[in-house]
Amino acid sequence: MKRYGVRRGVFVFLIAAFAGILVAHTQENAGTVPVHMTVTASAMGNGPVPDVKRSDVVVRQRRNHLQVTGWEAARGNRAGLDLFIAIDDAADRSLGSQLNDIRAFINAQPPTTNVGVGYMRNATIQIVQNFTPDHAAAANSVRLPLGSVGSFGSPFLSAISLMNGWPAHPNRRVLIMITDGIDRARGGPRSPALSTNPDVNSASTVAQRTGTIIYGIYTPGVGHLGRNFWEATRGQNGIAQLSEASGGESFFLGLQAPVSFRPYLESIQRSLDNQYLLEFRVAPNRRAGLQSVTVETELPGVELISADSAWVPAQ
């Protein structure tokens, strides 16, 4: 009887302890919702990127630390990636010297990556290859740009069209834009006071809402706007702003065509190979929308790159 009483006491104690943990967990999560982001780990030197553990990650919203509930390397059964390469049809035909590097980059993708290819023109996207694990087919679809500005050319509106039509899938989403970034759709005189293109802001919002990471590669465009220093510089700034806001990066060598895309594509590949799937909890507002967050680590020699904001569902 004593032995039975001891066992029952231990059982009751375990039940009470478990209930206490559940209550504490429920109270901790009360009034918050889970939010997901893809985060890129980057070494601050040329060395390899060390593995980042969940305990190394800090998510802040202003001065408040948010609860990190998930952190997993995008590898193994979580390595799924939808990668789309969008080329501006207003790009100069000198881009032809880079096509083999683009094809080699596509063919080198792992089997877990679906690749799509399209051309930006008239504020939309002409898809020449839907997402496919057949990398050879995707590589073969890459062609010379038309070298035409079109009637309503804006790489940012084209990117918005693509992201809004992106098939729903749990895979990571990455968009590589090869363009001069010039918004030819707006036309008319350009004022230096208009330093921010409203289409860039709209594209940034859609990228963060859909969790799309954007990498921009500059290539010169055709027409008199492509030869305009102010417009070309403004286009580069727009691509850089969009890439940074989405958690990506932009690449350019002044206003001239790069000798080779290979170093840029290798840098992008390093980023894709060192991404993590982050989940954290945040208090929602009455309406769904973007909320600014900061993702950091104190791990020496490592920085975490993420979008400026996360899309939080309504309360």
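For this structure, a couple of remarks:
- Here the stretch 216-270 is the region considered, the condition is being in a strand (DSSP E or B) and of a type in the set (S, T, N, Q), and the residue that is surrounded by the most Cβ atoms within 10 Å (Cβ to Cβ) is 250.
- Just one of the listed residues (118, 96, 76, 47) is in contact (Cβ under 8 Å) with a residue 60 or more places away in the chain and among the small types (Gly, Ala, Ser), and it is 47.
- In the stretch 42-56, the condition of being closer than 30 Å to residue 268 by Cβ, modelled with pLDDT of 50 or more, among the polar types (S, T, N, Q) and surrounded by 14 or more Cβ atoms within 10 Å (Cβ to Cβ) is met by at least one residue.
- Screening 112, 179 for residues that are within 18 Å of the chain's Cα centre (by Cα) and open to solvent by 10 Å² or more (accessible area, probe 1.4 Å) leaves exactly one candidate, 112.
- The residues listed here are 139, 90; of these, the one that is modelled with pLDDT under 95 and open to solvent by less than 10 Å² (accessible area, probe 1.4 Å) is 90.
- Hey, residue 291 in contact (Cβ under 8 Å) with a residue 60 or more places away in the chain and surrounded by fewer than 19 Cβ atoms within 10 Å (Cβ to Cβ) or not: yes
- Conditions (1) under 22 Å from the mean Cα position of the chain (by Cα); (2) within 22 Å of residue 160 (Cα to Cα); number of the one not met by residue 50: (2)
- Within the stretch 255-274, no residue that is within 27 Å of residue 172 (Cα to Cα) sits with its Cβ atom under 7 Å from a residue that is among the basic types (Lys, Arg) at 6+ positions apart or across chains.
- Tally, over the stretch 139-177, of residues that are assigned to a helix (DSSP H, G or I), touching a residue at least 40 places away in the same chain (Cβ under 8 Å) and under 17 Å from residue 87 (Cα atoms): 8
- The single condition among (1) surrounded by 20 or more Cβ atoms within 10 Å (Cβ to Cβ); (2) under 24 Å from residue 38 (Cα atoms); (3) at pLDDT below 95 that residue 167 does not satisfy is (1).
- In the condition set (1) assigned to a loop (DSSP other than H, G, I, E, B); (2) open to solvent by less than 30 Å² (accessible area, probe 1.4 Å), residue 95 is compliant with all but (1).
- Just one of (1) within 18 Å of the chain's Cα centre (by Cα); (2) free of Cβ contacts under 8 Å to residues at least 24 places away in the same chain fails for residue 245. It is (2).
The values are calculated or read from the model by the stated rules, or taken from the named source; none is laboratory data. Keep in mind it's a predicted model, so treat the numbers as computed, not measured. All Cβ positions, glycine included, derive from the backbone under ideal geometry; neighbour counts span all protein chains shown. Remember, those area values only see protein heavy atoms, side chains included, never the ligands or the DNA or RNA. Shrake-Rupley method; radii C 1.70, N 1.55, O 1.52, S 1.80 Å.
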